[in-house]
Amino acid sequence: MAREGGRDNRGGNRERERDRDGDELVDKLVTINRVAKVVKGGRRFAFAALVVVGDQKGRVGYGAGKAREVPEAIRKATERAKRGMIRVPMKEGRTLHHDMTGEYGAGRVVLRSAPAGTGIIAGGPMRAVFETLGIGDVVAKSLGSRNPHNMVKATFAALERCASPRSVASRRGKKVSDLLGKREIAPEAADA
């Protein structure tokens, strides 16, 4: 049974698009946690939300927010995510340039580039990051903590270290072709 606002009772994925400063930003609700504080008159409930925001063109950010009401917690998390967005270089606009690992606390993730048509093979919190980032083909595995906060932060730790061949070549003072090597002509193409 779903409630209004595109959210289900269990705090599942929710997608919303906004148009601000010409950017189409997509935000996904990763998780909502309800916490109770026991006081003299009973229990006081508060909510903590984790949101991932991206433009599906290589920019992504995450944020956490806490409030007494769910919509306010989501709003705070979304604002925090928009402030902390990072740019990730993508290969052919669909996958990562190279394989990488990321760690945050007890969370450890492995991200691997994948051939076209693979799709997003990743767990829930990591899947939200890749969908908002705009990556279409990636294989990811969480090896450590299953806490959504640690998984998202470990994924961002890995993505921040992602480098394109162009940036590596400029840093080392070489050409991109020196790093990648000359592309060989396939035998069937040479015969034509």
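The values are calculated or read from the model by the stated rules, or taken from the named source; none is laboratory data. Quick caveat: nothing in here was measured; it's all calculated off a predicted structure. Using ideal geometry, Cβ is built from the backbone for each residue, glycine included, and neighbour counts are taken over all protein chains shown.
From the list Y104, Y62, pick out the single residue that is more than 21 Å from P165 (Cβ to Cβ), more than 14 Å from the chain's Cα centre (by Cα), of a type in the set (S, T, Y) and surrounded by 14 or more Cβ atoms within 10 Å (Cβ to Cβ).
Y104
What's the number of the only condition in (1) of a type in the set (K, R); (2) in contact (Cβ under 8 Å) with a residue 24 or more places away in the chain; (3) not assigned by TED's automatic domain parsing to the domain that holds V60 that R146 fails to meet?
It is condition (2) that R146 fails.
Kindly indicate whether K76 is part of a strand (DSSP E or B), closer than 26 Å to A46 by Cα and either among the small types (G, A, S) or in the same structural domain as L25 (by TED's automatic domain parsing) (or both).
no
Quick test for you: out of A73, A81, pick the one residue that is surrounded by 18 or more Cβ atoms within 10 Å (Cβ to Cβ), within 14 Å of the chain's Cα centre (by Cα) and touching a residue at least 12 places away in the same chain (Cβ under 8 Å).
Just a single option satisfies the conditions, and that option is A81.
Only one residue in G181, G93, G123 is outside the structural domain of T31 (by TED's automatic domain parsing), free of Cβ contacts under 8 Å to residues at least 60 places away in the same chain, under 22 Å from V26 (Cα atoms) and exposed (fewer than 12 other Cβ atoms within 10 Å of the Cβ). Which one? Walk me through how you get there before you give the answer.
Details: G181 fails: under 22 Å from V26 (Cα atoms); G123 fails: exposed (fewer than 12 other Cβ atoms within 10 Å of the Cβ).
Selected residue: G93, the only one of G181, G93, G123 that is outside the structural domain of T31 (by TED's automatic domain parsing), free of Cβ contacts under 8 Å to residues at least 60 places away in the same chain, under 22 Å from V26 (Cα atoms) and exposed (fewer than 12 other Cβ atoms within 10 Å of the Cβ).
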